[in-house]
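Data first, discussion second: the structure below is written as structure tokens.
Laboratory data are not the source of any read-out in this text; all were calculated from the coordinates shown. Computed from a prediction, not measured in an experiment: that's the story for all the values here. Methodologically, a virtual Cβ is constructed for each residue, glycine included, from the backbone with ideal geometry; neighbour enumeration extends over all protein chains shown.
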Amino acid sequence: MDEKDCELIEMLWETRNITKAAERLFTTQSALTKRIQKLEEELGCELFIRSRKGVLFTPVAERILPYVWQVSDSMDRIRSQVAIYRKEVAGTLKLGVSINFARYRLADVLKGFMDQYPNVDIHVSTMQSTNLYQSLVKNEISIAIVRGSFKWNEGMVTLSEEPVCLVTAREHAGEPLNSYPYIGRHTDAGFYDKIQLWRAENGCQESRTNLWVDDIGSCLEMVSRGIGWSILPEICLKQFDGQITPLYFKDGTPFTRSSHILYKHDYFELPQVKKFIQEVLAREYFMGERTQEAADELHHT
């Protein structure tokens with residue numbers, strides 16, 4: 001069993017699909033299947049079961065998974081230490097990004113970072129912030145860019161505190177919200193609870209109809225067509241051509257949504273991790289989301 005076998009196990013854990021894992025590993029499905037068979041023969045046990053729901057990990061595969069992550073992490077650190085000695089920014093960057101930040105901000109950050117540091121091997125995972133937090137705790141990723149607040153006692157940098165807004169089509173401007181449907185989307189529990197609080201405070205929990213969607217783009221399209229109204233963070237409203245109203249709670253507190261970078265202190269010693277965080281801060285400052293002091297704070301670390 002070698003590093004490539006560890007990479008295979010990690011990819012199958014992430015995708016739970018032979019075809020997707022083969023695509024990400026730049027190989028064929030048949031070649032990947034042969035590698036799995038060879039690995040299972042070498043270890044003398046079955047690791048994976050194919051099912052209609054995808055690849056299932058056997059109990060022994062689940063037991064060795066933490067050791068696989070440790071091997072992968074150790075190899076990344078070895079490469080990074082060699083790069084430090086050679087005064088290069090290289091190695092692997094395992095990045096976890098919330099879905100909305102990935103959709104609306106990540107491409108510009110990655111473009112700037114990759115132009116400066118082409119020798120860094122970047123792995124990006126996008127998922128809800130709660131899952132990113134768990135991945136960071138388990139050392140599955142180097143950095144997490146999350147939405148919302150988390151209790152975290154290691155490295156944390158606040159990127160932005162943006163307004164949460166009521167969004168409606170112009171044709172519905174001024175109409176009572178209970179007179180046409182509310183369009184909600186599935187999000188993390190903390191943000192959902194705040195939305196429900198605002199709706200309760202403003203007497204609009206009982207809209208005529210409630211629609212629920214998973215995709216924020218679909219939600220905006222429905223609002224644009226006049227199907228209903230929604231409550232969304234400012235990050236996704238740059239191209240929205242409708243009525244946008246920042247919200248406040250009954251006590252006058254602005255309804256906001258925060259974005260943070262979370263990282264472990266020992267990972268921050270890796271140059272590719274530090275440089276990526278600095279790139280995000282510089283980009284957020286350029287976008288007007290950060291103060292100059294905040295954009296500089298890691299440059300002097």
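Working from Cα pairs under 8 Å separated by at least six residues, relative contact order for region 162-256 is 51 percent.
Please give the FRET efficiency for GLU221 paired with GLU14, using the beta carbon to beta carbon distance and R0 = 51 Å, rounded to the nearest 0.05. The value I calculate is 0.95.
With the simple spin-label model, which puts each label point 7 Å out from Cα in the Cβ direction, the HIS265 to SER149 separation comes to 2.3 nm. Once the Cα atoms are used to define both axes, helix 59-85 deviates from the longest principal axis of the chain by about 90 degrees.
From most to least packed by mean Cβ count within 10 Å, the peptides 194-200, 50-56 give 194-200, 50-56. Ranked by the mean number of other Cβ atoms within 10 Å per residue, highest first, peptides 175-183, 58-66 order as 175-183, 58-66. Among ASP121, ASP251, ASP215, which one shows the biggest mean-square fluctuation in a GNM of the chain, springs joining Cα atoms closer than 10 Å? With Cα springs under 10 Å in the chain, the top fluctuation among ASP121, ASP251, ASP215 is at ASP251. What separates the Cα centres of region 1-64 and region 188-229 is a distance of 40 Å.
The long axis of helix 29-43 is offset from the longest Cα principal axis of the chain by roughly 60 degrees. What the Cβ-Cβ distance of ASN210 and LYS38 gives, at R0 = 41 Å and to the nearest 0.05, is a FRET efficiency of 0.20.
Where (i) 18.5, 58; (ii) 18.7, 61; (iii) 22.4, 69 are the candidate values, the label of the one calculated here for Rg and Dmax of the Cα atoms in Å is (iii).
First measure r as the distance between the Cβ atoms of MET156 and ILE244, then evaluate 1/(1 + (r/R0)^6) with R0 = 35 Å and state the FRET efficiency to the nearest 0.05.
0.75
In this structure, the residue pairs whose Cα-Cα separation is over 25 Å, taken from LYS111/LYS151; LYS94/LYS275; LYS111/LYS274; LYS138/LYS238, are LYS111/LYS151; LYS138/LYS238. Straight-line cross-link partners of LYS250 among the lysines, defined as a Cα under 20 Å from its Cα and at least 8 positions apart when in the same chain: LYS194. Divide the volume of the convex hull around the Cα atoms of region 162-256 by the residue count and you get 90 Å³ per residue. What does the charge add up to near ALA61, with Lys and Arg as +1, Asp and Glu as -1, over the other residues with Cβ less than 14 Å from its Cβ? Summing Lys/Arg as +1 and Asp/Glu as -1 gives -4.
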